[in-house]
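K.L.:
Just passing along the structure, written as structure tokens.
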Amino acid sequence: MALKITHECINCDVCEPVCPNHAISQGVEIYEIDPDLCTECVGHFDKPQCQLICPVSCIPLDPEHEETPAQLLDKYRRLIRL
Amino acid sequence: MSASAKSSSTYISLDSLLKSGRAQSEPSSSGCSSSGGSGKSSCGSAAGPDDMPAHIWEKVKNHPCYSEEAHHHYARMHVAVAPACNIQCNYCNRKYDCSNESRPGVVSQKLTPEQAVKKVLAVASAIPQMTVLGIAGPGDALANPAKTFKTFQLLQEQAPDIKLCLSTNGLALPEMVDEIAKYNVDHVTITINMIDPEVGERIYPWIFYQHKRWTGRDAAKILTERQLEGLEKLSAKGILTKINSVLIPGVNDEHLLEVNRAVKARGAFLHNIMPLISEAEHGTYFGLNGQRGPSAQELKAVQDACAGGANLMRHCRQCRADAVGLLGEDRSDEFTLDKIEQMEVVYDLDKRREYQQSVERERQAQHAAKLEAVAAAPADEDIKLLLAVATQGQGRVNQHFGHATEFQIYEVSGREAVFVGHRRVDLYCQGGYGEDEQLPSIVNAINDCHAVLVAKIGACPRDELLAAGIEPVDAYAHEFIEKAALSWFADYRARIARGEISHQPRGDARIRQGAYTAAA
Ligand code: SF4
Ligand code: SF4
Ligand code: SF4
């Protein structure tokens, strides 16, 4: 499952540089995660980096993008080949 | 874990703190030490403070945040380009302006490096006193370093006469020192509130380091090691480093003496002890859990106890990180993003130099007046008391009581008048009428002072101050502050000698949050 940023986001911009997949960028109002690029950090780290650093805990799993660990690993492999 | 539950067991009375501090400071005043000392030896430049080496004084003498004299004449500004932060502090709510770390809330106006540079050039052109640009937030200047360094790089190209400085919690510092040196950033401030993880775990709930979130003592241990390592590396590179500490009563008050020694040993040239500002409505952990800030006397006791260690700075106003102006003044409304976008900015280096030279002459005059007043004062003095001063800069008593949003506090004895701090107040005079409900809060803020020196004062506040035992004085309007303070003191002594009055000690005063840190 990819993660998503909720409207609690305070635009502090600290998650952007910690994402190993460059999945996070500044959107119109708040920061956004590109579900095609987010692997929940699978392949890079034990835990989602953005969740760990977000000061207001506003990055839950996105139920609209459910993925199995195998699918996430697959996505990771595809991404690093790019 | 509750911060308030633990506080009673470790609290040491401020009296004993003060005594131990004095005892420790005495052996350290060994002649011409390059790392400070307690001010007994005189080897600074003629115009510099006694306890600061000449090359450091040369670097800081025009820096409003570091030199007590300069802050009357020069201005600094901060730009809010760094919203990211890699740790959490219990006195910080990232959403709102943080009074403790001098940073605006992340919802305040955030600038790109390009916008920030345009703002700096616009301000520097309009305010020639502006000599220092700082990056202090809204988060940590080094948590997303790309923006901080891009701003510095652009500025160095376009306005090479402006000094650069940055503030950091220190976690990311050790790896950044080379980069900092590259941009010729010669002033760095590290906020160090503890050197003991047991104290630290009550201040920092977590840090993010090497891809992990650390909590408790582990977090505090990593943080303190990184902070001290960063400080050592900066000192090795000859980059001036100031330490900020937030005084949290019952958590780190007695511990700050150890912090003071540790940072001095690693080359910090100034130590700024600031009061915790904690109100429930800020929504910080401390605010919500009833952790109080120190009173004016508690703050002064710790500052005095540390005075023999790293040079202590007492005039820090915990100004907001996007503030613009002379210390204690904020003109940021004139330089909002929309207004800057409209501006045609021409950066005139020569005009700025010319202005700064005239300021230099004014400062020499102020310094001469101070020396003269000190020389004229009688040496046998036992009374020491505090005076509040209304000033709008240039080192003079030149503000109307009703127009003051802060008072400078001087400790006066027969021998000298020393700046020891400042107090923020609400404006007494609004729209030409005195606001009577503001007066009690002003009295609270300067309640430990015997007198208040002003350029002018209305009849009403005059009577109320007198009733509260604070003498309003406008006889020294527009004189240099030190000279005015010593002249008033001589007169005070004379009145005691004539039996007109008797010397009474004053009470404590309340430190409060000021106009610059209102929630955005
Ligand atoms: S979970 Fe990892 S990959 Fe996904 S957005 Fe957060 S940091 Fe990036
Ligand atoms: S870390 Fe959290 S609050 Fe900060 S920008 Fe990312 S999602 Fe928003
Ligand atoms: S380091 Fe500064 S911005 Fe970060 S949590 Fe602490 S006070 Fe807030």
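The values are calculated or read from the model by the stated rules, or taken from the named source; none is laboratory data. Because the structure is predicted, anything quoted here is derived from the model rather than measured. Note that we place each Cβ from the backbone using ideal geometry, even for glycine, and neighbour counts take in every protein chain shown. SASA here: full protein model, heavy atoms, side chains in, ligands and nucleic acids out. Shrake-Rupley method; radii C 1.70, N 1.55, O 1.52, S 1.80 Å.
K.L.:
Using amide H atoms built in the peptide plane, which far-off residues or other-chain residues are under 5 Å from B:Ala82 H to H?
P.N.:
B:Gly137, B:Gly139
K.L.:
For the stretch A:16-81, which whole-number percentage of the solvent-accessible area (1.4 Å probe, protein heavy atoms only) is attributable to carbon and sulfur atoms?
P.N.:
Roughly 50 percent, rounded to a whole number.
K.L.:
While we're looking at this one, here's another question. Helix-only estimate, please: 222 nm mean residue ellipticity of chain A, summing -39500 (n - 2.57) across DSSP H runs of length 4 or more and dividing by its residues, to the nearest 500.
P.N.:
Mean residue ellipticity at 222 nm (helix-derived): -7000 deg cm²/dmol.
K.L.:
Which residues belonging to the stretch B:205-232 lose at least 50 Å² of 1.4 Å-probe accessible area when the assembly is complete, relative to their chain isolated?
P.N.:
B:Phe208, B:His211, B:Arg213
K.L.:
Would you mind counting up the charge near A:Leu61? Only other residues with Cβ under 13 Å from its Cβ, with Lys and Arg at +1 and Asp and Glu at -1.
P.N.:
Within the 13 Å Cβ shell, the charges total -3.
K.L.:
Let me ask something additional. Scan around B:His271 for amide H atoms under 5 Å from its own, H built in the peptide plane at 1.01 Å from N, and keep only partners 5 or more places away or cross-chain.
P.N.:
So B:His271 has HN proximity to B:Ile243, B:Asn311, B:Leu312, B:Met313.
K.L.:
If I stretch the segment between B:Glu114 and B:Leu466 completely, what's the gain in nm (0.36 nm per residue apart, minus their alpha carbon distance), one decimal?
P.N.:
Taking B:Glu114 through B:Leu466 to full extension adds about 121.5 nm, to one decimal.
K.L.:
Ok, one more. At the nearest 100 Å², what buried accessible area, both sides summed, do you get for B and A when the probe is 1.4 Å?
P.N.:
For B against A, buried area totals roughly 1400 Å².
K.L.:
May I ask you to evaluate 6.51 cos²θ - 1.76 cosθ + 1.60, the Karplus curve with θ = phi - 60°, for each residue of the stretch B:172-177 and list the ³J(HN,Hα) values in order in whole Hz, giving x for glycine and proline?
P.N.:
Once rounded to whole Hz, the list reads 8, 5, x, 6, 9, 4.
K.L.:
Here's something else I'd like to know. Which far-off residues, 5 or more places away or on another chain, put their amide H under 5 Å from the one on B:Val246, with H placed in the peptide plane?
P.N.:
Amide H neighbours of B:Val246: B:Met274.
K.L.:
Chain A: Rg/Rh from Cα coordinates, Kirkwood Rh?
P.N.:
0.94
K.L.:
For a distance above 13 Å, tell me the whole-number percent of Cα pairs in the stretch B:125-189 that qualify.
P.N.:
Percentage above 13 Å: 61.
K.L.:
Using 19 Å as the Cα-Cα cut-off, could you pick out the over-long pairs in B:Lys300/B:Lys370; B:Lys242/B:Lys264; B:Lys242/B:Lys483; B:Lys163/B:Lys264; B:Lys182/B:Lys221; B:Lys119/B:Lys147?
P.N.:
Result: B:Lys300/B:Lys370; B:Lys242/B:Lys483; B:Lys163/B:Lys264; B:Lys182/B:Lys221 exceed 19 Å.
K.L.:
As a test question: what accessible area, to the nearest 10 Å², does B:Trp206 have when a 1.4 Å probe is rolled over all protein chains in place?
P.N.:
The value for B:Trp206 is about 20 Å².
K.L.:
Then there's this: How much accessible area per residue does the stretch B:353-497 have, counting only protein heavy atoms and a probe of 1.4 Å, in square angstrom?
P.N.:
Normalised by residue count, the accessible surface of the stretch B:353-497 is 44 Å².
K.L.:
Separate question: Going by average Cβ density within 10 Å per residue, which order do the peptides B:272-282, A:18-28, A:67-77 take, highest to lowest?
P.N.:
Result, highest mean first: B:272-282, A:18-28, A:67-77.
K.L.:
Also, quick follow-up: Could you work out, residue by residue across A:9-20, how many beta carbons of other chains sit within 10 Å of that residue's beta carbon, and then give the average as an integer?
P.N.:
Whole-number average of other-chain Cβ neighbours for A:9-20 is 6.
K.L.:
Related question: For the stretch B:353-497, what % of the accessible area comes from carbon and sulfur atoms, probe 1.4 Å?
P.N.:
Ligands and nucleic acids excluded, carbon and sulfur reach 49 percent.
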